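The values are calculated or read from the model by the stated rules, or taken from the named source; none is laboratory data. This structure is a prediction, so every number in the text was calculated from the model and none was measured. Glycine also receives a Cβ, built like all others from the backbone with ideal geometry; neighbour counts cover every protein chain displayed. For accessibility, only protein heavy atoms count, side chains too; no ligands or nucleic acids. Shrake-Rupley method; radii C 1.70, N 1.55, O 1.52, S 1.80 Å.
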Amino acid sequence: MINYNKQHISNSDIINVIKALKSSNLTQGKYTEDFELKLQSYFRSKYAVSVSSGTSALILALRAIGLKKNEKVIVPSISFLATANAVEICGGHTLFADINEEDNTLDINYVESLIKKNHNKIKAIIGVDYAGHPCNWIELKKISNKYGIKLINDNCHAMGSKLNGNQGYACKYADLVCQSYHAIKNFTTGEGGSVLTNNYKYFTKIKTLRSHGITKREEFSKSMNKEFWKYSMTSLGYNFRLTDIQSALGISQLRSLNKFVKKRRIIADFYNKSLKSISCFRIPFSNPNIFHSYHLYPLKIYFNKCEVSKTKFMNKLYNEGIKLQVNYIPIHTQKYYKKKYGENRTLKVSENFYKSEVSLPIYYDLSINDCKKIVFKLLQITNDR
Ligand SMILES: *Cc1c(COP(=O)(O)O)cnc(C)c1O
């Protein structure tokens with residue numbers, strides 16, 4: 001079965017993990033410290049805090065800005081559930097924004113209209129660099145400055161992307177950047193994630209909250225009057241730590257990120273060339289000022305033009321051994337959100353996007369021969385009347 005995404009584990013990944021297993025600390029030891037330094041250096045942030053998942057990264061980012069009960073956070077409806085769920089878990093009020101039809105990230109005009117409708121009372125905007133295509137961060141930054149709104153980048157799809165040639169763009173524009181290293185992401189630690197920031201205050205807060213809100217531990221010392229068993233807790237935190245086993249994998253995987261992205265781009269290029277002239281398909285748009293890392297290859301198919309339903313299309317491919325995905329079901333249409341915020345909200349672009357989007361397989365070990373087979377089957381099934 002060809003899946004839409006898949007990890008690549010090399011021998012050096014395995015060797016590094018074994019080293020970590022044989023080291024003295026299985027968690028919060030030198031591998032975690034080193035992984036954080038490597039993240040800082042690759043993504044050009046002043047600080048990096050590794051955490052247990054992308055979801056915990058989002059929760060910590062919202063805690064860092066001090067999100068209070070019922071404070072409003074703008075989130076795109078086309079994202080993984082976690083982007084909005086983090087807001088809800090922190091007690092916030094989720095305001096869903098529509099996406100734009102071109103690059104499928106936040107619609108800037110929609111965001112501004114939401115801000116006006118809510119009398120400028122917005123605490124934060126979470127932008128999702130969907131599929132690996134950065135949002136319009138330049139405009140979002142202007143909005144953030146104009147209205148005093150905090151910016152969080154849900155960067156879970158976009159490790160290895162660039163904006164104006166800068167691989168550290170995420171921290172340049174957003175106050176906080178959240179990444180996920182889940183198995184299907186651009187590089188992996190199995191489960192895992194991080195928060196990146198240039199802000200020292202956010203950094204210390206997140207580091208404290210990652211581990212139960214503990215701010216002080218007495219160091220062991222030979223002195224007889226040290227109370228080395230003591231710790232003090234100043235805020236209510238979590239256990240969101242990443243293990244050294246995972247960090248060891250992360251260090252080794254991060255070394256391959258550029259290689260992984262390069263292959264993803266070759267595959268995307270192949271799909272683009274093969275599908276661009278087919279009238280019922282629309283290949284993903286890529287702004288000339290960005291470097292796309294293609295975590296996803298979101299193809300739009302106008303099913304009303306090709307006379308096969310989406311369900312039938314997906315199942316026919318599945319039966320041929322090709323398991324596509326749909327990224328995503330608009331979050332505002334989920335039961336929990338409908339119940340909380342009302343049944344009747346519509347986001348036209350997001351809902352139409354859901355009708356047409358399919359994610360084609362794209363990952364390091366996928367061969368061009370496999371891609372040829374996928375394209376052949378795609379064309380065969382969509383022409384099948
Ligand atoms: C994967 C993902 C998350 C959540 O990350 P986990 O590590 O699975 O918790 C959040 N947002 C987006 C856009 C994602 O793709």
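By the rule of a C-alpha distance below 18 Å, with chain neighbours fewer than 8 residues away ignored, the aspartates and glutamates paired with LYS355 are ASP98, GLU101, GLU102, ASP103, GLU307. For the chain, the Cys residues with no second cysteine's beta carbon closer than 4.7 Å are CYS90, CYS135, CYS156, CYS171, CYS178, CYS371. The DSSP beta bridges internal to the chain are antiparallel in roughly 60% of cases. With respect to the chain, whose longest principal axis is taken over its alpha-carbon atoms, helix 244-255 is tilted by about 50°. A cut-off under 12 angstrom between Cβ atoms defines the neighbours of PHE376, and their net charge, with Lys, Arg +1 and Asp, Glu -1, is +1. Separation of segment 352-385 and segment 1-50, taken as the distance between their Cα centroids, equals 32 angstrom.
Counting only Cα atoms, the size of segment 281-353 along its three principal axes is 38, 38, 23 Å, in decreasing order.
Per residue, the convex hull around the alpha carbon atoms of segment 12-94 comes to 135 Å³. For the chain, modelled as a GNM whose springs connect Cα atoms under 10 angstrom apart, the maximal fluctuation among PHE43, PHE96, PHE281 occurs at PHE281. Build a GNM of the chain with springs between Cα atoms under 10 Å apart, and of GLN28, GLN40, GLN253 the one that fluctuates most is GLN28.
Lys and Arg at +1, Asp and Glu at -1: add these up for the other residues within a Cβ distance under 14 Å of ASN70 and post the number.
+4
With viscosity 0.692 mPa s and temperature 37 °C, the Kirkwood radius over alpha carbon pairs of segment 232-376 converts through Stokes-Einstein to a diffusion coefficient of 178 µm²/s. Taking a straight Cα-Cα cut-off under 29 Å and skipping sequence neighbours fewer than 8 places away in the same chain, the lysines within cross-link reach of LYS226 are LYS30, LYS201, LYS205, LYS207, LYS216. The residues of segment 13-98 expose on average 40 square angstrom of accessible surface per residue, using a 1.4 Å probe on protein heavy atoms. The spacing between segment 126-154 and segment 254-291, judged by their C-alpha centroids, is 23 Å. Measuring nothing but how far apart in sequence close Cα pairs (under 8 Å, 6+ apart) lie, relative to its length, the chain scores a relative contact order of 23 percent. Would you list which lysines come within 22 Å of LYS372, measuring only between C-alpha atoms, while excluding same-chain residues fewer than 8 positions from it? Answer for LYS372, where 22 Å is the Cα cut-off: LYS6, LYS259, LYS262, LYS263, LYS273, LYS276, LYS300, LYS310, LYS312, LYS316, LYS323, listed by chain and number.
Sort all Cα-Cα distances of the chain into consecutive 10 angstrom bins from zero, then give the percent of pairs in each bin up to the one containing the longest distance. Spelled out bin by bin, the chain gives 5, 23, 31, 25, 12, 3, 1, 0, 0 percent. Pop out the carbon and sulfur fraction of the accessible area of the chain as a percent, whole number, probe 1.4 Å. Within the chain, the accessible surface is 52 percent carbon and sulfur. Once the 1.4 Å probe is applied to the protein heavy atoms, segment 230-301 comes out at 45 Å² accessible per residue.
For SER52, the shell of other residues with beta-carbons less than 9 Å away shows a net charge of +1, using +1 for Lys and Arg and -1 for Asp and Glu.
When the Gaussian network model of the chain links Cα atoms closer than 10 Å, the mean-square fluctuations of ALA183, ALA48, ALA61 top out at ALA183.
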